[in-house]
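The numbers here are math on the coordinates, done by the rules we state, and not lab data. Values in this document were obtained by computation on a predicted structure and should not be read as measured data. Methodologically, a virtual Cβ is constructed for each residue, glycine included, from the backbone with ideal geometry; neighbour enumeration extends over all protein chains shown.
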Amino acid sequence: MARTASDLSREELRSYRPWLSMERHRKDPEVSRRWEEAWKVARVAAEMLKKRFRATRVVVFGSLARKSVFTQWSDIDLAVWGVAPEEYYRAAGATMDIGLEDGFRVDVVDASDWREGSTFLDSELDAAAVNRTCRGDSSRRPVTA
């Protein structure tokens, strides 16, 4: 039977340190390589969404936007604006196909009604931007799409 935190002894609680596992992931060169590959897939997907489905904005959010929480099991989360409602499912399917080719699950959400400054939005994929920048503690990484 599974145990909860309230079932653990003080010694067991002291030895439980989930952040150590995340620290190991962050230092793992394979995870870093996969993070870079995920960004490549995200850029390709953003370019396709903008060209083929006329997306006006594509933003990465979730673990890809924050390398410190990215793991070998992380997926790619993209928020899109400007895709016509009747084209959304075709756009999401085409994006998933791009990810599957490289071993990534890619989730696309229609963000048209999200407010600017939402805490879910972390990194804009903007074809005009080349430099990666950070603002405050939320990573905003404009990259070439």
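Tyr89 versus Glu37, label points 7 Å from Cα toward the beta carbon: distance in nm?
For Tyr89 paired with Glu37, the spin-label model returns 3.1 nm.
Taking neighbour Cβ counts within 10 Å as the exposure measure, how do Thr56, Thr71, Thr95, Thr4 sort from fewest upward? Walk me through the numbers before you get to the answer.
Numbers: Thr56 11, Thr71 15, Thr95 27, Thr4 6.
The most exposed by this proxy come first: Thr4, Thr56, Thr71, Thr95.
Please express the Cα-Cα pair-distance distribution P(r) of the stretch 20-95 as a list of whole percents, one per 10 Å bin, running from 0 to the bin with the greatest distance.
All Cα pairs considered, the percentages come to 19, 44, 24, 12, 1.
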